[in-house]
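Here is the structure we will look at, set down as structure tokens.
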Amino acid sequence: MSQEDYSKHLEKMVNEITTLSTKTASKIKAEAEKKSKEIIAQGEPEASKLESEISLMAESEARQNVRRDVSKKKLSIQMDYLNLRESIIESILVNVTKELQKLSKQKSYEKLIEKMLEESVLAINGGELSLSVRSEDKGLFTEDKLNKLASSISEKTSITLSNQDLKTIGGLVLSRKDGLITVNNTFEKIIERRMDEIRQVIVSELLN
């Protein structure tokens with residue numbers, strides 16, 4: 001399998017994460033809209049009342065004070081909405097993490113993490129490498145399997161399994177033994193690297 005194929009496989013996983021974010025956002029979209037409408041409904045009567053007072057006041061200073069109060073109220077409503085939206089996004093991200101934890105227990109996870117290792121080895125360009133995974137994933141990487149993968153990359157490549165257990169919900173960390181290069185492909189790190197993209201997907205879904 002070529003490096004391009006490995007990249008496509010990892011990209012597919014990232015796309016699945018963003019798709020999962022979209023689906024989760026859809027589930028609570030109705031609730032978000034309801035809450036935001038309630039916030040606006042609470043603020044609009046007061047803001048309208050203040051605006052109507054402008055026509056009853058001839059003094060310029062009084063008119064400016066009323067408009068200032070209206071602006072403050074509208075800003076308060078907007079902040080309430082933004083805070084609500086942010087809390088919804090955080091809730092979605094928590095749900096995404098939970099779904100990824102479920103993924104790490106599925107049968108398909110074995111092939112996924114093997115492809116992630118292949119991609120990571122290619123990213124480092126081989127050499128003497130140390131692989132760190134969760135304790136429950138160590139059985140997936142036998143010495144024979146690691147040797148076969150290393151030899152398929154280059155004769156100078158070797159991969160050994162670290163004795164240290166990786167604390168993560170899934171994925172792996174691959175490092176050169178000289179410590180100069182490390183590739184962190186844990187689920188958490190992948191989400192962190194693509195956080196801006198994931199947030200944009202969620203916000204877009206909430207606004208549609």
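The values are calculated or read from the model by the stated rules, or taken from the named source; none is laboratory data. It should be emphasised that the depicted structure is a prediction, and the values quoted were computed from it without experimental measurement. For neighbour counting, all protein chains shown are included, and Cβ atoms are generated from backbone atoms with ideal geometry for every residue, glycine included.
Tabulated data for the structure shown
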read-out	value
Residue match in segment 153-166 (condition: over 30 Å from SER204 (Cα atoms), at pLDDT below 90, of a type in the set (A, V, I, L, M) and not in a loop (DSSP other than H, G, I, E, B))	yes
Extreme residue, surrounded by the most Cβ atoms within 10 Å (Cβ to Cβ), among residues of segment 126-153 that are in contact (Cβ under 8 Å) with a residue 40 or more places away in the chain and farther than 22 Å from GLY170 by Cα	GLY127
Residues of segment 119-152 classified as of a type outside the set (A, V, I, L, M) and in a helix (DSSP H, G or I), total	14
Failed criterion for GLU188 (all others in (1) in a helix (DSSP H, G or I); (2) assigned by TED's automatic domain parsing to the domain that holds LEU122; (3) surrounded by 18 or more Cβ atoms within 10 Å (Cβ to Cβ) hold)	(3)
Search result, residues across segment 94-116 that are within 17 Å of LEU172 (Cβ to Cβ) and touching a residue at least 60 places away in the same chain (Cβ under 8 Å)	LEU100, GLN101, LEU103, SER104, TYR109, LEU112, LYS115, MET116
Residue list for segment 53-109, restricted to those being modelled with pLDDT of 70 or more, outside any helix (DSSP H, G or I) and surrounded by fewer than 12 Cβ atoms within 10 Å (Cβ to Cβ)	LYS105, GLN106, LYS107
Qualifying residue in segment 115-123 (condition: closer than 30 Å to THR160 by Cα, surrounded by 15 or more Cβ atoms within 10 Å (Cβ to Cβ), of a type in the set (Asp, Glu) and at pLDDT 80 or above)	yes
Meets criteria (under 30 Å from ILE89 (Cα atoms), surrounded by 14 or more Cβ atoms within 10 Å (Cβ to Cβ) and at pLDDT 95 or above) for VAL173	yes
Any hit, segment 189-207, residues being over 28 Å from ASN125 (Cα atoms) and of a type in the set (Gly, Ala, Ser)	yes
